[in-house]
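Notes for the one structure printed next.
The values are calculated or read from the model by the stated rules, or taken from the named source; none is laboratory data. Being a predicted model, the structure only gives us computed values, none of them experimental. Here the Cβ is made from the backbone with ideal geometry for all residues, glycine too, and neighbour counts use every protein chain on show. In case anyone asks, the SASA skips ligands and DNA or RNA and just uses the protein heavy atoms, side chains included. Shrake-Rupley method; radii C 1.70, N 1.55, O 1.52, S 1.80 Å.
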Amino acid sequence: MVQAWYMDEADDDPRRPHRAEPDRPVGLEQLRRLGVYYWKSQTHFCLLVPLWMLDADKYENDPELEKIRKERNYSWMDIITICKDKLPNYEEKIKIFYEEHLHLDDEVRYILEGSGYFDVRDKEDKWIRIFMEKGDLITLPAGIYHRFTLDEKNYVKAMRLFVGEPVWTAYNRPADHFEARGQYVKFLAQSA
């Protein structure tokens, strides 16, 4: 099942879990109302999307992954490994990933190894932390403010999926003037 919760206000090491006290877990339905979709390998937790039985160990030849890519038009993909030994300019990249930002396209990540956190803003602008580990697939909608960090293991290998050519541009907050943000805000109002 998804592991997501409201974050505390501490500004120390972002790789720590940062659970609010008392604990305020967040379920799949609340994430769905934010436009965030989450799947776990070999199990399906999103009732609005066809059943997908992914296998992170066989991602190179996984017919279910190919089916997802075809159904959702994910025509482009690559693999990124985030750790000190593999990612050039590691310290700089980690800081950039953790800056609050949005994209003009959906962000789709499939965790193949390791773990980390995606943080997303709720309707009241509070942070929700989503723990991601091997076999988890997440879709963040265009226009949502979010950020990413590794956990204390300092390693993740993830597949990045895109519709068409990838656009790597992140727009740091404030970025409310973009059409994607306006459409996302409208979506939030309608999903209440």
Taking 66-74, 29-37, 128-136 and ranking on average Cβ neighbours within 10 Å, highest first, one gets 128-136, 29-37, 66-74
Gyration tensor on Cα atoms of segment 81-153, a ≥ b ≥ c root eigenvalues, a/c under 1.5 rounded, else prolate if a/b beats b/c, else oblate, says prolate
For segment 93-184, averaging the sequence separation of alpha carbon pairs under 8 Å that lie six or more residues apart and dividing by its residue count, the contact order in percent is 41 percent
Expected max-MSF residue from Glu113, Glu92, Glu64 in the GNM of the chain (alpha carbon, under 10 Å) is Glu92
For the chain, averaging the sequence separation of alpha carbon pairs under 8 Å that lie six or more residues apart and dividing by its residue count, the contact order in percent is 27 percent
Residues other than Trp5 with Cβ under 10 Å of its Cβ, Lys/Arg counted +1 and Asp/Glu -1, net out at +1
Once phi for every residue in segment 20-31 is put through the Karplus expression 6.51 cos²θ - 1.76 cosθ + 1.60 (θ = phi - 60°), the whole-Hz ³J(HN,Hα) values, with Gly and Pro written as x, are 5, 10, x, 4, 10, x, 10, x, 4, 5, 5, 5
Everything considered on the Cα gyration tensor (a ≥ b ≥ c; rounded for a/c under 1.5, else prolate if a/b is larger than b/c, else oblate), the chain must be described as rounded
In a Gaussian network model of the chain with springs linking alpha carbons closer than 10 Å, the residue among Asp57, Asp176, Asp125 that fluctuates most is Asp125
The lysines whose Cα lies under 21 Å from the Cα of Lys123, excluding any fewer than 8 residues away in the same chain, are Lys186
Per residue, accessible area of the chain with a 1.4 Å probe, heavy atoms of protein chains only, in Å², comes to 54 Å²
Given unit charges at Cβ for Lys, Arg (+) and Asp, Glu (-), the dipole magnitude of the chain about its Cα centre in debye, nearest 20, is 360 debye
